[in-house]
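Participant: Supplied in structure tokens, the structure appears directly below.
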Amino acid sequence: MKHIRNFSIIAHIDHGKSTLADRLIQYTNLVDERQFRDQILDTMDIERERGITIKSQTIDLPYMDNDGREFELNLIDTPGHVDFSYEVSRALASCEGVLLLVDASQGVEAQTLANLYAAMEHDLVIIPVINKIDLPVADIERVKLEIDHELGLDPDSAILCSAKEGTGIEDIFAAITGRIPPPAGDPEKPLSALIFDAHYDPFRGTIVSCRLFDGTVRPGDMIRLMSNGTTYKVEEVGIFHLAREQRKELTAGMVGYIIAGIKTVSDTRIGDTITLDANPAPAPLPGFKEVKPVVFSSIYPIASDDYQSLLEALEKYKLNDASLIYQKDSSAALGQGFRCGFLGLLHLEIVQERLEREFDQSIIMTAPSVQYRFILTDGDVIVVDNPLYYPDPAKIKASEEPFIRAAILVPERYVGAVMKLCMDRRGVNSHLNYPTPGRVEVTFDLPLAEIIFDFYDKLKSITQGYGSFDYEITDYRESDLVRLDILVNGEKVDALSILVHRDRARDRAVTICERLKEEIPRQQFKIAIQGAIGGKIIARSTVSAFRKDVTAKCYGGDITRKRKLLEKQKKGKRRMRMVGNVEIPQSAFMAALKTDNE
Amino acid sequence: MNNKDLPGLYVHVPFCKTKCPYCDFYSITDPSLIQSWLDGIEKEALIYNREWLPAFDTLYIGGGTPSILDEYGLGRLMDILRNSFSFAPDTEVTIEVNPDDITASRLACYEALGINRLSIGVQSLQEAELRFLQRRHTAIAAERAIGLVQSSGFRNFGVDLMYGFHGQTRKSWTDTLERVLSWGPAHLSCYQLTLSDGTPFGRMVSEGTLKRATEEQERQFFIHTSHFLQDHGFIHYEVSNFAKGEEYFSCHNLKYWQRAPYLGLGPGAHSFRDNARWWNCRSVRDYCRLLLEGKRPVAGQERLSPEQVRLEMLLLGFRTARGVDMDDIVDQPFNGEVLARLTSSGIVRVEENRVSPTLNGYLIADRLPLMFFSLISFFIKVFY
Ligand SMILES: Nc1nc2c(ncn2[C@@H]2O[C@H](COP(=O)(O)OP(=O)(O)O)[C@@H](O)[C@H]2O)c(=O)[nH]1
Ligand code: SF4
Ligand SMILES: [Mg+2]
């Protein structure tokens, strides 16, 4: 009988999660050297390019210890971004232990803490691993101190490792097998399996990744999803090596997959419990919740006749990403499109990039918005995530916006700058906590709207990369909101409107006007850009007309070169929309979001 | 003169004595390859002589620096062309010459060989500017060369000039123009200095050691040049080209702009016929080798889609005073609206069913075509 351990690696971004996963996989000889590539679990192009993990991946590592005991070590790789924190929490719920990775040169950062708290919530065994000890700037003693003071873990239990060079890997295997308990659970009890992820396969439909707590599941069983009672007949079960490996059954304690003719991933809910229809578990596993989008933006095709093709692309995309929601939307400036909800800004960017790259769509996205609440004079409460539906100001009794609690970890010398940043972003209720000498944990209540754009970039830059940040959404609070409209040559471009706090409206208007001035290419006439609230202009800028662009002669009949140049520009124009008589490139819509002044 | 249906012939002479720091045309400074190049031209002409039966009515010997060829070399070139192709009676035969290379006997030879048009690369008459451009000749040498041209039989000569570089003043440029006009040229080409990547000047720009003229300076030079030359009776018939009368338009270059067929011989030369374009490899060695192996020295070719044809018609048409046929523009939805806007803002004018650029239109000639393109599938939206 094989021994099972279920574990995950958690870390602040870039501390070496993917690299360590690579080493563990290589150690088990699961992949032969020739097929191996770095960051092997990051299979999507976009993951590999950006160096981030978006989708969870699971892999069962076969391992034999010195006593000849055979193990099946299930590594559940989790996404490394707050946008996906619910997915992470479900992955953690499927484990008995985690490797908590800390970069020896960076030390503990905000997501190290956030991840630690999440792991503690699930009572997991935590194995601290100090990574990158090969770096000349590694400061192991300091990191041990932080592990002690900030994480409250025993620094002597930390394993020293260089994922890059492969040092400490055996110690890690020993700790996984020795310190993490085997999964409990009774294969004879009614089935109760936690869905922690789902992938779409064009041939097989939805592949559900799950952790069995009790019971057994086999092909032919009728399973039931406990959140909504739908039932499916199991076609196949198995475990993940690098590819799927079919098994006769999955039993309590195991991590694996179930294929059961589920059409799209949207038919499953991460965190839901699978049980047997004939012999159901008495109650679902705890912790299930519906993930709700927090950031909203409209997507329009650049050419309005591509609406249908965009719809089809969204439908296909959605097969594999249940967290994206969309509905029809239309704008006077941009025509027919879709209002979409995302888990966060990274999720939004991922959707945008994948629609463009994998589905070949040319799209314009509007400024992301959070969900606001308006209490009207007649007592109605409406929720608005689209500036188009901003109610008549005369009928608004009160408005509210979502707030977060942000935790920022910085070296002491940056506290002043961080406080200023947070206050500029309407932060309130600050607290300072000094876990280790020289380091400060700053907590703040901030409007979600203020952090979704470039807060993190800003934080990184004012702390020279030493600041890290994590947040959770807390509540709605009253707020004085207005709609800022943008006019181009006197015509309102509805797709550029944003909802914003009154105190911030002028600043935002000035920045947006300046940004648009840079982004909108000069045309043969002057273009006036204005920001307005109601009818009142509060900011303006001008794009001067271009004067000249005739370039070199067509030499010796080489027309091709010139034409190709134009063809390239013409393609660039595919990313522009005519608004009135002004061509506005897609980048202008995104640039309008940045709050930076430089 | 210019017959749109008859093809033009171009021969590329890829040799220069020295390489100018702004130049990104293909040319080499090793004259030892001239013989092999001539052999190559001979072979290439043989390939095409059956396919290009109708007579050419223009011949343009360009480069590089064609005047680098001595009487023997040029004589052989002309023999090759005459033996392989037929030419219409009044064929315009142009050669590009460097002032340094002009001698009385050379001019006599040109005449004897049937060359009837000279394009003289003067560039500037300011010594400092010529040094900056690293040209071989001085202003005095240019004046002397022109003197020789005037006392020869050539009446149809044109002068190439450059302007719009940093440090040049309106005064120095006007002085150059005035002195050139006093020679009585039939044709002027005034090119703005282009600082292309990959040239020494281009590198200096990216290193910050050479400044570009500002767009506003370039614009002012362009407008000034046009006004000045028009005041002196020249027709601004193409973005960079001026002629004393219609009869002095460069018939050969008109073929490029009017999409007439042309055959280019020599390394890097371009050809066009029946909506197909092809071009030769740029390296002299490869060119010669391919021909020795009995192959066409073609490096690339393309057949134009209807969309590309349309883009070319606009791209080329808007570079010339003749402009574009109205029917080629308004065949697309919304282009009428665009046209109305461009007319009212003084970018183009409409006359006799042709849309031609104004001076302000010339300034943005490279952008004009796209204005009639972007909108095919995108709509002008009128709000509220
Ligand atoms: N020097 C050194 N670099 C490492 C080590 N582990 C990871 N890295 C580098 O750190 C960066 C981030 O690693 P990655 O595994 O992508 O981090 P993740 O974001 O946590 O998945 C990459 O450039 C890795 O090559 C290590 O042990 N030593
Ligand atoms: S002479 Fe003409 S072709 Fe030769 S290098 Fe100078 S600019 Fe270029
Ligand atoms: Mg990673």
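The values are calculated or read from the model by the stated rules, or taken from the named source; none is laboratory data. None of these values were measured; they are calculated from a predicted model. So basically every Cβ, Gly included, is an ideal-geometry build from the backbone, and we count neighbours across all protein chains shown.
Participant: So, in the range A:311-341, of the ones that are within 14 Å of chain B (Cβ to nearest Cβ) and not in a strand (DSSP E or B), which residue ends up nearest to residue A:272 (Cα to Cα)?
Facilitator: Looking at the filtered set, the residue picked out is A:334.
Participant: Moving to a separate point now. Report every pair of residues separated by at least 6 positions or lying on different chains whose Cβ atoms are under 7 Å apart, first residue within the range B:201-216 and more than 12 Å from every other protein chain (Cβ to nearest Cβ), second part of a helix (DSSP H, G or I).
Facilitator: B:210/B:201; B:210/B:204; B:212/B:205
Participant: Return a yes/no flag: does the range B:32-46 have any residue that is farther than 22 Å from residue B:296 by Cα and either within 16 Å of ligand 3 (Cβ to nearest atom) or assigned by TED's automatic domain parsing to the domain that holds residue B:199 (or both).
Facilitator: yes
Participant: Is there a residue in the range B:164-185 that is within 14 Å of another protein chain (Cβ to nearest Cβ) and either away from ligand 3 (no atom under 16 Å from the Cβ) or assigned to a strand (DSSP E or B) (or both)?
Facilitator: yes
Participant: Can I ask one more? May I ask you to say which residue of A:409, A:421, A:348 is part of a helix (DSSP H, G or I) and in contact with a helix residue (DSSP H, G or I) (Cβ under 7 Å, 6 or more places away or on another chain)?
Facilitator: None of the others qualify; the one that does is A:421.
Participant: Determine which member of the set B:51, B:92 is among the charged types (D, E, K, R), more than 10 Å from ligand 2 (Cβ to nearest atom) and modelled with pLDDT of 95 or more.
Facilitator: B:92
Participant: If a residue has to be part of a loop (DSSP other than H, G, I, E, B) and more than 7 Å from every other protein chain (Cβ to nearest Cβ) to count, how many in the range B:354-368 make the cut?
Facilitator: So the answer is 1.
Participant: Mind counting the residues in the range B:223-236 that are assigned to a strand (DSSP E or B) and within 14 Å of another protein chain (Cβ to nearest Cβ)?
Facilitator: So the count comes out to 1.
Participant: Has the range B:264-286 got any residue that is crowded, with 21+ Cβ neighbours inside 10 Å, under 30 Å from residue B:184 (Cβ atoms) and either more than 10 Å from chain A (Cβ to nearest Cβ) or at pLDDT below 95 (or both)?
Facilitator: no
Participant: Among (1) touching a helix residue (DSSP H, G or I) at 6+ places or on another chain (Cβ under 7 Å); (2) within 11 Å of another protein chain (Cβ to nearest Cβ); (3) at pLDDT 85 or above, there is one condition residue A:560 misses while meeting the rest; what is its number?
Facilitator: (1)
Participant: Of all residues in the range B:238-252, which are within 14 Å of another protein chain (Cβ to nearest Cβ) and touching a residue at least 60 places away in the same chain (Cβ under 8 Å)?
Facilitator: B:238, B:239, B:250, B:251, B:252
Participant: Regarding the range B:327-334, can at least one residue be identified that is exposed (fewer than 14 other Cβ atoms within 10 Å of the Cβ) and not in a helix (DSSP H, G or I)?
Facilitator: Within the range B:327-334, one or more residues are exposed (fewer than 14 other Cβ atoms within 10 Å of the Cβ) and not in a helix (DSSP H, G or I).
Participant: So how many residues does the range A:168-194 have that are part of a strand (DSSP E or B) and modelled with pLDDT under 95?
Facilitator: 0
Participant: Working only within the range A:89-123, note down all residues that are without any contact (Cβ under 8 Å) to a residue 60 or more places away in the chain and within 19 Å of residue A:195 (Cβ to Cβ).
Facilitator: Residues satisfying the conditions are A:121, A:122.
Participant: Condition first: of a type in the set (A, V, I, L, M, F, W, C) and either surrounded by fewer than 20 Cβ atoms within 10 Å (Cβ to Cβ) or not in a strand (DSSP E or B) (or both). Now tell me which residues in the range A:200-224 satisfy that.
Facilitator: Of everything in the range A:200-224, those that are of a type in the set (A, V, I, L, M, F, W, C) and either surrounded by fewer than 20 Cβ atoms within 10 Å (Cβ to Cβ) or not in a strand (DSSP E or B) (or both) turn out to be A:203, A:222.
Participant: Name every residue in the range A:363-411 that is more than 25 Å from the chain's Cα centre (by Cα) and within 30 Å of residue A:587 (Cβ to Cβ), in order of residue number.
Facilitator: Scanning the range A:363-411 gives A:388, A:389, A:390.
Participant: Residues of the range B:143-163 being within 13 Å of chain A (Cβ to nearest Cβ) and either among the basic types (Lys, Arg) or closer than 23 Å to residue B:252 by Cα (or both), which ones?
Facilitator: Correct list: B:160, B:161, B:162.
Participant: Looking only at the range A:153-172, which residues are hydroxyl-bearing (Ser, Thr, Tyr) and either within 14 Å of chain B (Cβ to nearest Cβ) or within 14 Å of ligand 1 (Cβ to nearest atom) (or both)?
Facilitator: A:162, A:167, listed by residue number.
Participant: Residue A:442 fails exactly one of the following numbered conditions: (1) out of contact with any strand residue (DSSP E or B) (no Cβ under 8 Å at 6 or more places or on another chain); (2) over 20 Å from residue A:366 (Cα atoms). What is the number of that condition?
Facilitator: (1)
Results for (1) within 14 Å of chain B (Cβ to nearest Cβ); (2) within 16 Å of ligand 3 (Cβ to nearest atom); (3) assigned to a helix (DSSP H, G or I), shown as yes or no for each residue.
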site: A:108; (1), (2), (3): no, no, no
site: A:123; (1), (2), (3): no, no, no
site: A:129; (1), (2), (3): no, yes, no
site: A:145; (1), (2), (3): no, no, yes
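Here's the yes/no breakdown for (1) away from chain A (no Cβ under 14 Å); (2) over 18 Å from the mean Cα position of the chain (by Cα); (3) within 16 Å of ligand 1 (Cβ to nearest atom); (4) under 30 Å from residue B:194 (Cβ atoms):
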site: B:9; (1), (2), (3), (4): no, no, no, yes
site: B:27; (1), (2), (3), (4): no, no, no, yes
site: B:50; (1), (2), (3), (4): yes, yes, no, no
site: B:77; (1), (2), (3), (4): yes, yes, no, yes
site: B:109; (1), (2), (3), (4): yes, yes, no, no
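Okay, residues lined up against (1) over 18 Å from residue A:308 (Cβ atoms); (2) among the hydroxyl-bearing types (Ser, Thr, Tyr):
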site	(1), (2)
A:331	no, yes
A:361	no, no
A:372	yes, yes
A:376	yes, no
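Participant: Which residue pairs have Cβ atoms closer than 8 Å, lie 6 or more positions apart in sequence or on different chains, and pair a first residue in the range A:254-269 that is basic (Lys, Arg) with a second residue that is in a loop (DSSP other than H, G, I, E, B)?
Facilitator: So the pair list comes out as A:269/A:227; A:269/A:228; A:269/A:288; A:269/A:290; A:269/A:322.
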